[in-house]
Amino acid sequence: MSIPFPTEPNAGTGAAPPAHALGPGPVHLPDAAPWTSFHTVADLLTHAVEHHPRTGLRYPAADDPRDSVAQSYPTLLAEASRLLAGLRAAGLRPRDNVVLLLRQPDDYVPAFWACVLGGFVPCPLRPQATDTARWSQQVRHVDALLERPLWLTTKALCDELPQAGDAADLSVRLIGELTSATPESAYHRAERDDTALLMLTSGSTGHPKAVRLSHANLLAALPAKAERLGATACDTTMNWISFDHISAIEMHLLPTSVGATQVQVAPESVLGDPLRFLRLADAHRVTLTFTPNFLFAQLNRAMDRLDDGFTPDLSALRRVISGGEATVCATVRGFLDRLAPFGLDRGVVSPAFGMTETCAGSVFSLDFPDVDDGQEFASLGRAVAGLEMRVVGADDAPLPGGRDGELQVRGPMVFDGYLGDAAATAAAFTPDGWFRTGDRGRIDDGRLTLVGRSKDSIIVNGVNYFSHDLETVLERLDGVAKSYIAAFPIRPQGSDTEQLAVLFAPDLRRQGGAADGAGDDGEADLYRLIVAIRSSTVLHWGFRPSLILPLPMSAVPKTSLGKIQRSQLRERLEAGEFAAAEADVAALVTRRLGGYTAPVGETEAALAEIYAEMFDADPAEISATASFFDLGGTSLDILRLKGHVERAFGLRDLPVVGILRAPTIRELAARIDGAGGGGGQAGSQGAAAPYDPLVPLQLSGDKTPLFCVHPGVGEVLVFVNLAKYFVSERPFHALRARGFGEGEDYFATFGEMVECYVRAIRDEQPLGPYAVAGYSYGGIVAFEIAKALEALGERVDFVGIFNLPPHVQDRMAELDFVEGAVNLAFFLSLITKEQSVELPGRLRDGLTRRQQLDYLMDIAPPGRLAELDLDVAKFGAWVDLAQSLVRLGRTYEPSGNVRSLSVFYAVPLRGTKEDWLDTQLRPWDGFAREENRYIDVPGEHYTLMGPEHVASFQAILRTELDRALGEGRSTEA
């Protein structure tokens, strides 16, 4: 149920707020036309308090869309005033910058208004803690760009902030500790040209620009939107976009400006369940909302899978603004058709255009879909009052109507520059004051249609990604010709969102293959390179390229200065010039995947649907015999697949190792049906499989297989992303500890573990030469495996040690249960490096074992726990298994020798890299008959195979393997 709007004392009595609430001097705010009297953004809220005290915001609960917490405008003002008192007590002064590092709307909204009322400048920032290295880079950049702002956050998000280097000096305050019991009543009276809001430009890099939006900009934009959209106090608006996006600010200020009711929703609730968007619209009788095109596509797919019983009433919806990316006519028509039976008006969707620099939506189409009949993309309509548009040629000269060119705009809602970046500001405007949007379009009779973008960026699901950022990463891959790679957007016919194309010139001569990929060896090398580009893109940006196309260098156009002409490449691609090359690559990929085999039976067909959804592919193109990893699956995708399969087939707990060992549709279907055995709880009739330490992560290629031993946590998911770079080159097997499976005992002795692993390796590869390696704890195990193989008379030509010294007893002695639990939590990115140092003392302070585990789970990011499918019981069992390995290591003392070792060293857990190498790692020299090799790799101990460094690490590792095994790769990497 919804809680009625609370009001502060005296709200709704009709009495004007005290003069000091609006700043010095009386301010007249007539109901009929308040806009002319608004001086600053703060007037929006105080006007709503006076004239609409019984409406306000609703924050829906996470489970039931009908259940929500209501916050009237007077209550919001009171809460913001209490936080304002705390911010002033913390030393903030007008024009100070404040980073709002918050996740929930009911934290963001009061914090935003506290800043506005105090004259502070808020800058919303969404946490990105899944990639700690990039997050740390972004935090440092934002802190410097905003000139050491105050960071306002929550306890949970504060724990996710990086604490190393420059980021350790952040000025951080917790929102819960700053709220004063006594509200502040004297509000700052800003000037209209003062900066009211800083918004960071979107993108994947850690160096966004900060857009300055003044009070005048926002106050010019809002009445123009309200007039165009017909927004009034009778509306109920809904926003589910994160507040670091300008559209979320728009969907809060617009209803506030007219006194409408607004529903503010946590983004994750809609992104995790698109149908919740419809349920919320029904439950709250929403009339006005916003969504990018990709949600329409998700809703279409969700509706097609629905069983009977879903009957929302959408008759109240009168306007759904579609922005953030191009509106695909077919997608939205499908949405309208599917939901027409539920009362949705056919003219409800309004395609729109806007940017952060224009205070969000500034061009709206009110006559979709009829006006765009027969078009692939929707036109965007007419500019709001006060905004001018023009389309110009290369010389900035205006073009006549109907001609394509660069879109430029100007008007009072257009920003005046980027904070602290005079060069970017100058480049953004023409000499006569028009803003260069970076989009290409045409204007027909005042209506705007976009036809492309002149900026080097890709918009996927409403987020900007910049070409050069990815190209820099991919150019480091061996086999990619330097300065011959281009990333740019494409939109295949019928696609719901822009997709990424990566075109490159291969240079396979360094790998011993033909430069053009001809011949069996050349084809294998080219396929491996395509997989490497795809994997690196997924790890860097989080989504897969739609097209990866190798071309001869002569086909890649460049300027006289050597810059790739992406726009020309795209034009030639869309014109079909590379159709033959695309067909050749598609045939190559199909051959390397073993051809196409159609799924058979209901289970295989259902799995094909799941695979297709995860890889954004047509189920008819998914072969039943293609590996999940060959299709592009990553370590996190395994856990997503596990969840999808469990839900689809009603399974209790599908073992991860079951997926690792059965990555094709056919193999996984057999396990689910119980026919193939080894399914454990995955099938009603399948019993738990006998323990097998060997997990095949990649089986193609004819070079010597590599066997990698697990780290001290026992699991092998850390190798999944690394193994993908060995496709078509050499098989890659991982060794997983005993104890993860139901009923499995831990190893009793170190020797038993080594003997078990040696037996499994020889069962897979009866004769040498062998290649073995171990990460961290796995290094000493790999050394003992190599010794045992040599004792059997076999050659071991490669023994890789990933950042571990030979003597580990002291470290093992440190790892009691608390240290082990904290160590595992850090390894899994549940806590920060700084927390891993600070927490053991706190956890030992009178807490029971269960309380210690509960504490770690409570402070872990919920999203990360969901990704790993972890709860207290599962985490505790994992700690116990890791502790069993620690106990084996406490008595380990190295002895004997192998021929030689390749020791890869990264930044250690403690001390400097140089000291780590000289005092801890070089003692391996005493355990080799020949000279060892010590190889510097990027990253830290726990990140050397993480998303940021795996592409570099794999190149170094593969080159060293080829050198040691004499298998014919160049040593240039």
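The values are calculated or read from the model by the stated rules, or taken from the named source; none is laboratory data. If you're wondering where the values come from, they're calculated on a predicted model, not measured in any experiment. Here the Cβ is made from the backbone with ideal geometry for all residues, glycine too, and neighbour counts use every protein chain on show.
Could you please find all residues in segment 213-239 being assigned to a strand (DSSP E or B) and either surrounded by fewer than 22 Cβ atoms within 10 Å (Cβ to Cβ) or without any contact (Cβ under 8 Å) to a residue 24 or more places away in the chain (or both)? Break it down stepwise before answering.
Going through segment 213-239, the residues assigned to a strand (DSSP E or B) turn out to be 213-214, 236-239.
Of everything in segment 213-239, just one residue is assigned to a strand (DSSP E or B) and either surrounded by fewer than 22 Cβ atoms within 10 Å (Cβ to Cβ) or without any contact (Cβ under 8 Å) to a residue 24 or more places away in the chain (or both), namely T236.
For segment 773-840, which fully contained helices (runs of 4 or more DSSP H) count at least 1 residues that are of a type outside the set (F, W, Y), within 22 Å of R890 (Cβ to Cβ) and within 32 Å of the chain's Cα centre (by Cα)?
Passing ranges, in order: 778-791, 817-827.
In the list A340, A316, which residue meets the criterion of being in contact (Cβ under 8 Å) with a residue 40 or more places away in the chain and surrounded by fewer than 24 Cβ atoms within 10 Å (Cβ to Cβ)? Spell out how you get there, then give the answer.
Working: A340 fails: in contact (Cβ under 8 Å) with a residue 40 or more places away in the chain.
Answer to the check: A316.
Each row is one residue, and each column tells you yes or no for (1) over 22 Å from G650 (Cβ atoms); (2) touching a residue at least 40 places away in the same chain (Cβ under 8 Å); (3) among the hydroxyl-bearing types (S, T, Y); (4) outside any helix (DSSP H, G or I).
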{"residue": "G576", "(1), (2), (3), (4)": "yes, no, no, yes"}
{"residue": "V589", "(1), (2), (3), (4)": "yes, yes, no, no"}
{"residue": "P599", "(1), (2), (3), (4)": "no, yes, no, yes"}
{"residue": "E602", "(1), (2), (3), (4)": "no, no, no, no"}
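Yes or no: segment 386-407 includes at least one residue that is touching a residue at least 60 places away in the same chain (Cβ under 8 Å), of a type in the set (G, A, S) and in a loop (DSSP other than H, G, I, E, B). Lay out the reasoning, then the answer.
From segment 386-407, those touching a residue at least 60 places away in the same chain (Cβ under 8 Å) are 386-387; that's our starting set.
If we keep only those that are of a type in the set (G, A, S) too, we end up with 386.
Next, only the ones that are in a loop (DSSP other than H, G, I, E, B) stay: 386.
Yes - at least one qualifying residue is present in segment 386-407.
Since I533 meets every condition but one in (1) at pLDDT 90 or above; (2) in a loop (DSSP other than H, G, I, E, B), which condition does it not meet?
Only one criterion is unmet by I533, namely (2).
Run V903 past the list (1) part of a strand (DSSP E or B); (2) in the same structural domain as D816 (by TED's automatic domain parsing); (3) aliphatic (A, V, I, L, M) and report the number of the one that doesn't hold.
(2)
Failed condition for H468, given (1) at pLDDT 80 or above; (2) not in a strand (DSSP E or B); (3) not hydrophobic (A, V, I, L, M, F, W, C), with all others met?
Tallying (1) at pLDDT 80 or above; (2) not in a strand (DSSP E or B); (3) not hydrophobic (A, V, I, L, M, F, W, C), H468 fails exactly one: (1).
Are any residues in segment 868-886 buried (at least 18 other Cβ atoms within 10 Å of the Cβ) and within 31 Å of the chain's Cα centre (by Cα), and if so, which ones?
Matches in segment 868-886: L868, L870, F875, G876, W878, V879, L881, A882.
For segment 862-885, state whether one or more residues are within 30 Å of R929 (Cβ to Cβ), touching a residue at least 60 places away in the same chain (Cβ under 8 Å) and either in contact with a helix residue (DSSP H, G or I) (Cβ under 9 Å, 6 or more places away or on another chain) or assigned to a helix (DSSP H, G or I) (or both). Working first, answer last.
Keep residues of segment 862-885 that are within 30 Å of R929 (Cβ to Cβ), which gives 885.
Of the ones still in play, those that are also touching a residue at least 60 places away in the same chain (Cβ under 8 Å) are 885.
Pick out the ones that are also either in contact with a helix residue (DSSP H, G or I) (Cβ under 9 Å, 6 or more places away or on another chain) or assigned to a helix (DSSP H, G or I) (or both) and you get 885.
Yes; the residues of segment 862-885 include at least one that is within 30 Å of R929 (Cβ to Cβ), touching a residue at least 60 places away in the same chain (Cβ under 8 Å) and either in contact with a helix residue (DSSP H, G or I) (Cβ under 9 Å, 6 or more places away or on another chain) or assigned to a helix (DSSP H, G or I) (or both).
Kindly evaluate T331 against the criterion of being surrounded by fewer than 17 Cβ atoms within 10 Å (Cβ to Cβ), touching a Phe, Trp or Tyr at 6+ places or on another chain (Cβ under 8 Å) and either of a type outside the set (K, R) or not in a strand (DSSP E or B) (or both). Don't jump to the end; show me each part of the working.
Numbers: surrounded by fewer than 17 Cβ atoms within 10 Å (Cβ to Cβ): no; touching a Phe, Trp or Tyr at 6+ places or on another chain (Cβ under 8 Å): yes; either of a type outside the set (K, R) or not in a strand (DSSP E or B) (or both): yes.
Judged against the criteria, T331 is not a match.
Which residue out of A42, A70 is among the hydrophobic types (A, V, I, L, M, F, W, C) and within 28 Å of E268 (Cβ to Cβ)? Write out each step before concluding.
Details: A42 fails: within 28 Å of E268 (Cβ to Cβ).
Unique residue meeting the criteria: A70.
Sort through S242, S247 and tell me the only one that's within 23 Å of L295 (Cα to Cα), under 31 Å from the mean Cα position of the chain (by Cα), buried (at least 22 other Cβ atoms within 10 Å of the Cβ) and among the small types (G, A, S). Before the answer, list the steps.
Numbers: S242 fails: buried (at least 22 other Cβ atoms within 10 Å of the Cβ).
The conditions single out S247.
For segment 887-918, which positions are under 24 Å from L789 (Cα atoms) and aliphatic (A, V, I, L, M)? It would help to see each step written out before you state the result.
Step one: of segment 887-918, the residues under 24 Å from L789 (Cα atoms) are 888-904.
Selection gives L888, V898, L901, V903.
Of the residues E646, E613, which single one is within 28 Å of P492 (Cβ to Cβ), touching a Lys or Arg at 6+ places or on another chain (Cβ under 9 Å) and assigned to a helix (DSSP H, G or I)?
On the way: E646 fails: within 28 Å of P492 (Cβ to Cβ).
Of E646, E613, the one residue that is within 28 Å of P492 (Cβ to Cβ), touching a Lys or Arg at 6+ places or on another chain (Cβ under 9 Å) and assigned to a helix (DSSP H, G or I) is E613.
For segment 65-104, give me the residue count where each residue is closer than 24 Å to P149 by Cβ and either part of a strand (DSSP E or B) or of a type in the set (D, E) (or both).
Matching residues across segment 65-104 total 7.
Within segment 250-277, track down each residue that is surrounded by fewer than 24 Cβ atoms within 10 Å (Cβ to Cβ), in a loop (DSSP other than H, G, I, E, B) and touching a Ser or Thr at 6+ places or on another chain (Cβ under 7 Å).
Of everything in segment 250-277, just one residue is surrounded by fewer than 24 Cβ atoms within 10 Å (Cβ to Cβ), in a loop (DSSP other than H, G, I, E, B) and touching a Ser or Thr at 6+ places or on another chain (Cβ under 7 Å), namely A260.
Within segment 593-637, can you find the residues that are modelled with pLDDT under 85, at positive phi and surrounded by fewer than 16 Cβ atoms within 10 Å (Cβ to Cβ)?
G594, G595, D616 - these are the residues of segment 593-637 that are modelled with pLDDT under 85, at positive phi and surrounded by fewer than 16 Cβ atoms within 10 Å (Cβ to Cβ).
Got a sec? Which of G911, G926, G889 is more than 22 Å from V796 (Cα to Cα), of a type outside the set (V, I, T) and either loosely packed, with under 13 Cβ neighbours inside 10 Å or in contact with a Gly (Cβ under 6 Å, 6 or more places away or on another chain) (or both)? Step through it out loud before you land on a result.
Values: G926 fails: more than 22 Å from V796 (Cα to Cα); G889 fails: either loosely packed, with under 13 Cβ neighbours inside 10 Å or in contact with a Gly (Cβ under 6 Å, 6 or more places away or on another chain) (or both).
Within the list G911, G926, G889, the selection yields G911.
Can you name every residue in segment 429-445 that is crowded, with 19+ Cβ neighbours inside 10 Å, over 28 Å from the mean Cα position of the chain (by Cα) and under 25 Å from A196 (Cβ atoms)?
Correct list: W434, F435.
In segment 648-668, which residue that is small (G, A, S) and crowded, with 20+ Cβ neighbours inside 10 Å is nearest to L593 (Cα to Cα)?
Let us first name the residues in segment 648-668 that are small (G, A, S), namely 648, 650, 658, 662.
Adding the requirement that they be crowded, with 20+ Cβ neighbours inside 10 Å leaves 658, 662.
Values: G658: 21, A662: 15 Å.
So, considering only residues that are small (G, A, S) and crowded, with 20+ Cβ neighbours inside 10 Å, the one nearest to L593 (Cα to Cα) is A662.
Given the structure, is E755 part of a loop (DSSP other than H, G, I, E, B) and either surrounded by fewer than 24 Cβ atoms within 10 Å (Cβ to Cβ) or more than 28 Å from the chain's Cα centre (by Cα) (or both)? Spell out how you get there, then give the answer.
Working: part of a loop (DSSP other than H, G, I, E, B): no; either surrounded by fewer than 24 Cβ atoms within 10 Å (Cβ to Cβ) or more than 28 Å from the chain's Cα centre (by Cα) (or both): yes.
In short, no.
Filter segment 267-285 for residues that are among the aliphatic types (A, V, I, L, M) and under 15 Å from A70 (Cα atoms); which is farthest from the chain's Cα centre (by Cα)? It would help to see each step written out before you state the result.
From segment 267-285, those among the aliphatic types (A, V, I, L, M) are 270-271, 275, 278, 280-281, 283; that's our starting set.
Narrowing further to those that are under 15 Å from A70 (Cα atoms): 280, 283.
Working: L280: 25, A283: 30 Å.
Within segment 267-285, the match that is farthest from the chain's Cα centre (by Cα) is A283.
Checking T943 against (1) under 30 Å from R103 (Cα atoms); (2) out of contact with any Ser or Thr (no Cβ under 9 Å at 6 or more places or on another chain); (3) touching a residue at least 60 places away in the same chain (Cβ under 8 Å), which single condition isn't satisfied?
Looking at each condition in turn, T943 falls short on (2).
Of all residues being of a type in the set (S, T, N, Q) and in contact with a Phe, Trp or Tyr (Cβ under 7 Å, 6 or more places away or on another chain) in segment 183-215, which is modelled with the lowest pLDDT? Just the residue, please.
As a first pass, look at segment 183-215 and keep what is of a type in the set (S, T, N, Q): 185, 195, 201-202, 204-205, 214.
So of that shortlist, the ones also in contact with a Phe, Trp or Tyr (Cβ under 7 Å, 6 or more places away or on another chain) come out as 204-205.
Numbers: S204: 44, T205: 48.
It comes out as S204.
I'd like the residue in segment 731-750 that is surrounded by fewer than 20 Cβ atoms within 10 Å (Cβ to Cβ) and within 14 Å of G658 (Cα to Cα) and, out of all such residues, is modelled with the highest pLDDT.
F740
Return a yes/no flag: does segment 52-75 have any residue that is closer than 25 Å to A216 by Cα, within 42 Å of the chain's Cα centre (by Cα) and at pLDDT below 90.
no
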